[in-house]
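Contents: one structure, followed by commentary.
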Amino acid sequence: MKANRTSGVLAHPTSFSGSAGIGTLGLPSYKFIDWLAEAGQTLWQILPLGPTGYGDSPYASFSTFAGNPLLIDLDDLAKRGWADADSIVPPDWIKFDGRVDFGGVVYWKNPVLDSAADYFLKNSSSDDKAAYQAFKKQNAAWLDNYASFMTIKAFYDKKAAEEKTAGIWFKYWPADLRSCDPSAVAKWNADHEQEVERIKAIQFFFAQQWGALKKYAAEKKIKIIGDIPIFVAPDSADVWGNQKLFQLEEDGSPKCVAGVPPDYFSATGQLWGNPLYDWDEMAKDCYAWWLFRIRRCLSLVDCVRVDHFRAFEAYWSVPYGEDTAINGKWVPGPNRAFFDAIKKQLGDIPIIAEDLGVITDGVRALRDAFSFPGMKVLQFAFNPDEIKQNGMVNPFMPHMFCQNCVVYTGTHDNQTMQGWLDSASGEVIKIVAQYAFGREMEEKEARALSDSGELRKALIKAAIASAANMAVIPIQDILGAGDEGRMNAPSTVGTNWTWRFDLAGLTADRARRLAFLSALYGRNI
């Protein structure tokens, strides 16, 4: 990463209101980019773009290479002549604001996209058909595998639901398809040609819309920060099509799965359930699959945040079938050999290392050996017990930052800043307020500053003023959202990933304030 100071905003496209059911790559996304430019920002950070499955998490995608069909803007398809305008009108119960009802959106939108794909394949112009053929050829290395997987999955998921059993591929598919036998897959594709072609056409829709949006952002001098979860979902084309690269049993089920051990936040740790890589097998071809994955991501974004970076140094391995992450163990990862291979093939690429949690000297050494910026989160800076023991030297405090890092007020996994302040103890609020305003005060005054929103604004200022080369503020914190704006509460299900906001909140006053701070502290010049 360059050493120039930049700043930007974290907001996932699903969070934009103004489109049917869920935020899309349509007009609201363009309006958001316009506001970023007005606010003097040059960074837009997003979450992973892949198609989401159970739990609706962008960190558990059916493919690390594909785009999420739910993000496709239907109005744009109609304007391009790729969909019948009458077919895209949503039912009355689909709303243009409020939280995302993923179940309702999937139920309504997926059949509409299938119809649009059929319409496109039948009625598109010769130029559009040529562009589609070129897209398929350029992306065949992942697209063919993904289209096969999704069509097989749709068939056997339906059958599994009818028989009330588990639908995941390694539990339910017939042996020849489960093993991804080339002849069996080829026969499937031949027998289900229309379904396979629909999947590919829908990915073409996504590619065209994302490409246009990314180009628009670049014209506004805004770079996009993407996100690669280090692990992939068990129910994914990635695992199914590359079984030898993962620690799997002969039937495709995992031997061990990923998670994190018990810590201060959880007595049982976190059991994520992702299959673990067979790093020795991956090393045989110099990590070609990962190189392909990074290339693909960098074709979609300008910079990549690698989630759970520490697992490249060592990962927590839990036997498959365990109910918690307690009975796991640390296993060495590929460490420097992996990034040496990346650098040899791709050069110095723009990576941000998500180095939060319990980080060892080995993880820091790996991060620093390749000059990857790490992450600093202000919410982690003000633990009274740590301050009493060590003084004001917490590495998450702005005065302790090195330049080569990215500062956030919070992340998608945290409470919003206002929500965190609202729930903080009086002792914490006092520490935070004294730090932010640089003077002594009583708890009552500190709480009043928090309740008014002034403390939250002061923390945004502290982040932007810090030594960190990059400052990224979640849109919730700019808008002053409370806990209702939280994007994700780890290890829970329910309202995660469903938050949307009214773009009317992106006011000229908020843009001026953000532009002033960024200019005042030498960012985005």
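The values are calculated or read from the model by the stated rules, or taken from the named source; none is laboratory data. Note that the coordinates shown come from a computational prediction; the quantities given were computed from them, not determined experimentally. Ideal geometry is used to build each Cβ from the backbone, glycine not excepted, and the neighbour counts take in all protein chains shown. All accessible areas refer to the heavy atoms of the entire protein, side chains included, with ligands and DNA or RNA removed. Shrake-Rupley method; radii C 1.70, N 1.55, O 1.52, S 1.80 Å.
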Inset, instruction - Compute the accessible area per residue over segment 310-353, keeping the other protein chains in place, probe 1.4 Å, unit Å². - result: 49 Å²
Inset, instruction - At q = 0.17, 0.20, 0.30, 0.31 Å⁻¹, work out log10 I(q)/I(0) for segment 423-464 with the Debye formula, treating every Cα as an identical point scatterer and leaving solvent out; two decimals please. - result: -0.36, -0.50, -1.08, -1.14
Legend entry - Under 13 Å, Cβ to Cβ, from Ala78 - net charge with Lys/Arg +1 and Asp/Glu -1: -3
Legend entry - Cβ-based net charge around Ile342, under 12 Å, with every Lys or Arg adding one and every Asp or Glu removing one: +3
Inset, instruction - Note down the relative contact order for segment 391-520 as a percent, whole number, built from C-alpha pairs under 8 angstrom at least six residues apart. - result: 33 percent
Legend entry - Karplus-derived 3J(HN,Hα), 6.51/-1.76/1.60, for each residue of segment 484-493, Hz, glycine and proline x: 5, x, 5, 7, 8, 10, x, 6, 10, 10
Legend entry - 21 Å Cα-Cα reach of Lys461 towards lysines, excluding residues that sit fewer than 8 places from it in its own chain: Lys376, Lys430
Inset, instruction - Evaluate the distance, in nm, between pseudo-label points positioned 7 Å from the Cα of Arg439 and of Ala267 along their respective Cα→Cβ axes. - result: 4.5 nm
Inset, instruction - Quick one: angle between helix 102-123 and the longest Cα principal axis of the chain, in degrees between 0 and 90, rounded to 10, please. - result: 50 degrees
Inset, instruction - Compute the distribution of all C-alpha to C-alpha distances in segment 22-84, in bins of 5 Å from 0, and list the percent of pairs in each, rounded to whole numbers. - result: 4, 16, 18, 19, 19, 17, 7, 1
Inset, instruction - With a cut-off of 14 Å, note down the residues of segment 100-133 whose backbone N falls inside the zone around a label point 7 Å from the Cα of Ala140 toward its beta carbon. - result: 133
Legend entry - Linear extension gain, Ala519 paired with Asp97, 0.36 nm per residue minus alpha-carbon span: 148.6 nm
Legend entry - P(r) tail fraction, segment 108-238 - alpha-carbon pairs more than 19 Å apart, %: 60 percent
Inset, instruction - Starting from the Cα of Lys171, draw a straight line to each of the lysines and keep only those under 23 Å, dropping any in the same chain fewer than 8 residues away. - result: Lys153, Lys158, Lys159, Lys187, Lys244, Lys255
Inset, instruction - Determine the relative contact order of segment 3-151: mean sequence separation of Cα pairs under 8 Å and six or more apart, normalised by residue count, in whole percent. - result: 23 percent
Legend entry - Degrees between helix 336-346 axis and first principal axis of the chain (Cα, 0 to 90, nearest 10): 70 degrees
Legend entry - Label-point separation, Ala369 to Asp127 (7 Å along Cα→Cβ), nm: 5.1 nm
Inset, instruction - Sort out for me the Cα centre separation of segment 243-259 from segment 87-145, rounded to whole Å. - result: 32 Å
Legend entry - Principal-axis tilt of helix 426-437 within the chain, Cα atoms, nearest 10 degrees: 80 degrees
Inset, instruction - Add +1 for every Lys or Arg and -1 for every Asp or Glu among the other residues with Cβ under 12 Å from the Cβ of Trp142, and state the total. - result: +3
Inset, instruction - Run the dipole for the chain about the Cα centre, Lys and Arg Cβ at +1, Asp and Glu Cβ at -1, nothing else charged, and hand back the magnitude in debye, nearest 20. - result: 1560 debye
Inset, instruction - Give the label of the value calculated from the structure for Rg/Rh (Cα atoms, Kirkwood Rh), choosing from (1) 1.20; (2) 1.12; (3) 0.96. - result: (3)
Inset, instruction - Just flag the trypsin sites (Lys or Arg not before Pro) in segment 454-524 sitting in loop per DSSP whose Cβ has no more than 13 other Cβ atoms within 10 Å. - result: none
Inset, instruction - Before rounding to the nearest 500, sum -39500 (n - 2.57) across all DSSP H runs of length at least 4 in the chain and divide by the residue total; then give [θ] at 222 nm in deg cm²/dmol. - result: -13000 deg cm²/dmol
Legend entry - Reachable aspartates and glutamates from Lys215, criterion Cα separation under 15 angstrom, eight or more residues apart if same chain: Asp34, Asp302
Legend entry - Share of carbon and sulfur in the accessible heavy-atom surface of the chain [1.4 Å probe, %]: 52 percent
Inset, instruction - Have a look at the DSSP beta bridges in the chain and tell me what percent are antiparallel, nearest 5. - result: 35 percent
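Give me the number: length gained by fully extending Lys255 to Asp323, i.e. 0.36 nm times residue separation minus the C-alpha to C-alpha distance, one decimal in nm.
23.0 nm
Give the relative contact order (percent, whole number) for segment 112-212; include only Cα pairs under 8 Å separated by 6+ residues.
Over segment 112-212, the number comes to 39 percent.
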Inset, instruction - Write down the accessible area per residue of segment 34-136 in Å², having rolled a 1.4 Å probe over the full set of protein chains. - result: 43 Å²
Inset, instruction - Express in nm, to one decimal, how much length is gained between Ala85 and Asp285 on full extension, taking 0.36 nm for each residue of separation and deducting their alpha carbon distance. - result: 67.2 nm
Inset, instruction - Counting only heavy atoms of the protein chains, get the accessible area per residue of segment 174-254 (1.4 Å probe) and round it to a whole Å² value. - result: 42 Å²
